[in-house]
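A quick write-up on the structure given underneath.
The values are calculated or read from the model by the stated rules, or taken from the named source; none is laboratory data. Everything numeric in this text was worked out from a predicted model, so none of it was measured. FYI the Cβ positions are ideal-geometry reconstructions off the backbone, even for glycines, and counts take in every protein chain you see.
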Amino acid sequence: MIFCFFLLGLLTAGCSDDSGGGSSTGADNGNPGNYNPNQSMSLKLDLGSSKGAVVTDGSSNTSASVAAVHYQNALYLGIEPKLDLKDLPLFNEAGSSGATFYKVDADGNVSPALEGECDNSAEMMEDSTVECFRSGVRTELPQVKNIAIKGDQVFFLFTQNFIFRDINDDGVRCQNPWDWSSPCSCQIFKAKDSLTAMKDGSAAPALDNLECVDNYHTINQWGPTAAKPFQFDGAGNMYFYGQLPDSSQQVLYKVNKEKDADGKFVKTEIVNANICVRDYRVTQSGGIFYVGENCTNGQWGGGDGAFFRYVSSDETLKQISSGWWEYIFEPIESLTADKVLFYGPDPDSAAVAQWDSACLFEWDPALAAGSRATRLVTCNSHIWDWLDVRRSADLASFGNAEGGYFERWRKPTTADEDVGGGTTSRYTRYQAEFKNRCTIGNSETFIGGGNGLPVKNIKQTSTGEAFIVASVNLKNAGTFGCNVNVRGAHCKINNMPVIRNASGTAGVYTKASCEAASGTWVTKGQCNGTGGDPWKWQDDEAGCLADGTITSPVFTSNTWGEWYNSILYKPDEDSGGNITGHICTDHLDNPGATNASAQALYYTRNIFETRQTNSTAVVGTEYTLNNIDCTQPTDGWTTTYKGMAYVNRTSNQLSLRSATSEQVADMWMVNNLFYYTAYDTTTGQFVFVKDVADATNDTLLNNFEVYHVADSPKTRCVQFDGLNFSNNTYIFGDLDPAAADVAASLNITNGLTGRVQTMLTYH
C-alpha cells in the first residue's frame, strides 16, 4: 500500500485534552481483499485510553481517492479542477499500518484498534490487515467500512461478510459457514463490552469481543443510505437498510437495544422490500423520514414515482410529497415530536412537482392535512411573489382592506387609502415595501439556479437555527417606476411630471420656478365656477384663474389630463435639484395640501397644489396612479453564488454567511459552530473558514481543501482531513481555530492508510 502524511507548517501543539463531543461522517467504497472460504478469523477490539476513532478507505492508491473527491467538489462548484492525479506525489507507506480502523488518544495520536487471530490458533497479527495462510491459501480480514457510536454502544460495518467463527451458539461446527442462514459469517457487528468499560480498561481487550448483529442481511456500500449505514433513535435502538439473501430487494430494519430472553438481537421491519429506499433519517422519538419508490425486484425506477414519507414511532404513515426524488432533508426532532426541514416541491400543492417549483419547507405531521407545510424562504422561481409583496408572510403587514393582496396595476380603493387615524394607509405601506424590494440590491437572497443541486446540505443547531449550503441568489437592484395621469397645472421636466424640487415641501413648483428649471408648465385640465353658469370649462390654468367666480378647482372628466407612462425612479440621476420619477413616491407626502374642498372630494394623496407666478390663487391638481412597476436590471434579477446561508424564519429569507467571492463546497457543525470549505474566486485558492455570527468570518487555512471536520479530543481544537495545495499532500490532523496563528497550531497525525471516511470523538 502506498501512503503517507506530510508536515504542513509548524507542528506546535495548540490544543490540550478535555472532554466534549461531536462527530462527522462520510462514506466511500471499500476495497475488499482475497478470502479463503474455509478460514475463520477471531477479532479483538481495543479502545483502551481512546477518545475518538477514525475509519479510512484503506485505499492502496490514496492519490486517486483524494483526486476523486476533489473532482466531485470542482464539478459541484462549476470550476476547473485544481489538481491532476499526476500532480500528487506517490505517498510513502512509512509509518502506515494498512489498517482501516484506528483509535485516537488524548494527544491526537492514532493506532490500529482491531486485531485478529486466524483459525483460533494462528499467531496474533499486529495490525488489522490480518493475513492467514492455510494450505498455502491467503486470507485477509475485510476492511472496516463504517463505525457508529450511541451512548455505550459501538457498531461496526465491514465491507462484506466474512467467517468470524467455526462453532455456532450450540457448540456445533458450521458445515457451510457462507450460507445465508449460517451464524458463522457476518458483516454487521457490535462490541460486547460498553464503550466506557473499554476506554477505562475495566473491560480488557480479548478475542471475540465483537458479536454479530445480523448474519442474514448485507449492507450495500453505495447510494445515499451508505453514508449513514447505522442510525439510532433516542432510546438507543439501531436502524439499518439491509439486502435480503439471494435477492436485490432491501428492507429497513429496527434493531432493539435490548436483546430477547435468549440473548438474540430483535429486528422489526419498518419499510418493506416492495419499496426502494433512497435515503432516510431516524429521529429521537423513533420516527423515520424517508424517500422511496414502489419498485420491482429492488430496482429504483428513476424517480418519477418517488415519494417523501414519514413513519411515526407508533407506525402511523403520512405522505409528505411525491413526484420528486432528490429531496434534501434534516429532521427537527425531539423525544416527543418530529418535524422536518427539506428542499423539494410544496407538500400542500396539488400541482405536479416540477424542478422550478421546489423550495425550502418545514413540514409538521401534527398539523391538519393540506396545511402541514410552511415555506421558509423565497426560491428563485417565486421571486415575483416576493417582488409583488404577495407572499403569505406579507399579508399581515402589507395586505389590503379586504385581507388580500394588492395588485400593483390597480388604483387603490378608498378603504385602502384611509389611514383610519393612523400614520400611514395600507396602500402607502404596500407601495413603500414594493419600492424597497424593487430597488434593493446585493442583500436579499433566494434559492435556486446554478449547476448541481439547489441545496446540497442542511444543518441545524441545538436551538433549531438552520443553515444550508446551496445555490444562493443575491437580488440585483431593479428600477422602480409608475404610470400616472395628471389633471391640472403641473411642471414637466425631461418629459416627466414633477411636483417639487429637492427642497421638499417648500419647493413645490410654480410656473416660474418650473420654467427656471428648464421645465414646461402644463395647464391641461378643467375648473368649475358659479354665477349664472355653474360649470366653467377651461383648458388651462389661466382660464380658470381669470374667472372670478371660481371657488375651487374640481376635475372629473376623463377626457382631460396628461398621461405619463414608464416613469422610472432614479435617485442617482438628480439633475438641477430634481429626482427623476419622484412623483411615483413623493405624493405620499402630499406636499402643501391645504385645500379643504380638494381634500374632501379626493384622496389626499392624489391632490397637490400649484400656484402661478406672482399669484396667491391656489389650483388643485389631481393625478391618478395607474400602476407601479419594477424594471429588471440588465444583468438579471439575481446573481448566483454557491454559498453558506442562514435560514431567517422571521424575514422568510436567506442570509448569506459566506463571502460573495467564496464558492462553498461543504459545511460542518462542531459544538454549534459552523465551518466550511470554499473556493475563493479572488485568490484562486481553496480556503477553510470558521463562520462568525455578526462579524467577518475567520479564514483558518489558505490554499487548503477540507473534506471532513469533527470535534477533536483536544480542548479548543477541531479535527479534519484535507488536501494542502501548497505541497500537494493529503493530511489528517487538528488545529485551534481561536489561535492567534492558526497555521502554527496545526498538528498532523501520521500512521494512517488511505483517505479518511469517518471521524468520531467521544472523549
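Of note:
- Qualifying residue in the range 147-164 (condition: polar (S, T, N, Q), under 30 Å from K456 (Cβ atoms) and crowded, with 21+ Cβ neighbours inside 10 Å): yes
- Of all the numbered requirements in (1) buried (at least 21 other Cβ atoms within 10 Å of the Cβ); (2) in contact with a strand residue (DSSP E or B) (Cβ under 7 Å, 6 or more places away or on another chain); (3) modelled with pLDDT of 90 or more, D736 misses one, and that requirement is (2).
- Selection status of L700, at pLDDT below 95 and of a type in the set (A, V, I, L, M, F, W, C): no
- Flag for A191 being small (G, A, S), out of contact with any Pro (no Cβ under 8 Å at 6 or more places or on another chain), modelled with pLDDT of 90 or more and surrounded by fewer than 20 Cβ atoms within 10 Å (Cβ to Cβ): no
- Taking residues in the range 465-492 that are closer than 21 Å to Y430 by Cα, and partners anywhere that are basic (K, R) and in a strand (DSSP E or B), the pairs with Cβ atoms closer than 8 Å and at least 6 places apart or on different chains are T479/K570.
- Test result for Q284, of a type in the set (S, T, N, Q) and touching an Asp or Glu at 6+ places or on another chain (Cβ under 7 Å): yes
For every residue, the table says whether it meets (1) within 17 Å of T650 (Cα to Cα); (2) of a type in the set (A, V, I, L, M, F, W, C); (3) out of contact with any Pro (no Cβ under 9 Å at 6 or more places or on another chain); (4) without any contact (Cβ under 8 Å) to a residue 24 or more places away in the chain.
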{"residue": "V377", "(1), (2), (3), (4)": "yes, yes, yes, no"}
{"residue": "S392", "(1), (2), (3), (4)": "yes, no, yes, yes"}
{"residue": "A396", "(1), (2), (3), (4)": "yes, yes, yes, yes"}
{"residue": "R408", "(1), (2), (3), (4)": "no, no, yes, no"}
{"residue": "K411", "(1), (2), (3), (4)": "no, no, yes, no"}
{"residue": "A415", "(1), (2), (3), (4)": "no, yes, yes, yes"}
{"residue": "G441", "(1), (2), (3), (4)": "no, no, no, no"}
{"residue": "E444", "(1), (2), (3), (4)": "yes, no, yes, no"}
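- Unmet criterion (only one of (1) buried (at least 16 other Cβ atoms within 10 Å of the Cβ); (2) not in a loop (DSSP other than H, G, I, E, B)) for T196: (1)
- Candidate set: the range 172-189, residues that are part of a loop (DSSP other than H, G, I, E, B) and among the hydrophobic types (A, V, I, L, M, F, W, C); chosen: the one farthest from L141 (Cα to Cα): V172
- Taking the criterion of being under 20 Å from L157 (Cβ atoms) and under 29 Å from the mean Cα position of the chain (by Cα), the residues of the range 255-286 that qualify are I270, V271, V277, R278, D279, Y280, R281, V282.
- Strands (runs of 3 or more DSSP E) completely within the range 671-763 that count 1 or more residues being more than 24 Å from A74 (Cβ to Cβ): 673-680, 698-702, 704-711, 718-724, 729-735, 756-761
- The set of residues from the range 680-709 being closer than 17 Å to V469 by Cβ, out of contact with any Lys or Arg (no Cβ under 6 Å at 6 or more places or on another chain) and in contact (Cβ under 8 Å) with a residue 24 or more places away in the chain comprises F686, V687, F688, V689, K690, N697, E705, V706, Y707, H708, V709.
- Residue match in the range 233-254 (condition: in a strand (DSSP E or B), within 22 Å of W363 (Cβ to Cβ) and touching a residue at least 40 places away in the same chain (Cβ under 8 Å)): yes
- For W409: the one exception among (1) in contact with a strand residue (DSSP E or B) (Cβ under 7 Å, 6 or more places away or on another chain); (2) surrounded by 15 or more Cβ atoms within 10 Å (Cβ to Cβ): (2)
- Whichever residue in the range 100-117 is within 13 Å of T56 (Cα to Cα) and polar (S, T, N, Q) and, among such residues, is surrounded by the fewest Cβ atoms within 10 Å (Cβ to Cβ): S111
- The criterion of at least 3 residues that are in contact with a helix residue (DSSP H, G or I) (Cβ under 7 Å, 6 or more places away or on another chain) is met by the following strands (runs of 3 or more DSSP E) wholly inside the range 388-487: 479-487.
- The number of residues in the range 306-348 being of a type in the set (S, T, Y) and modelled with pLDDT under 85 comes to 2.
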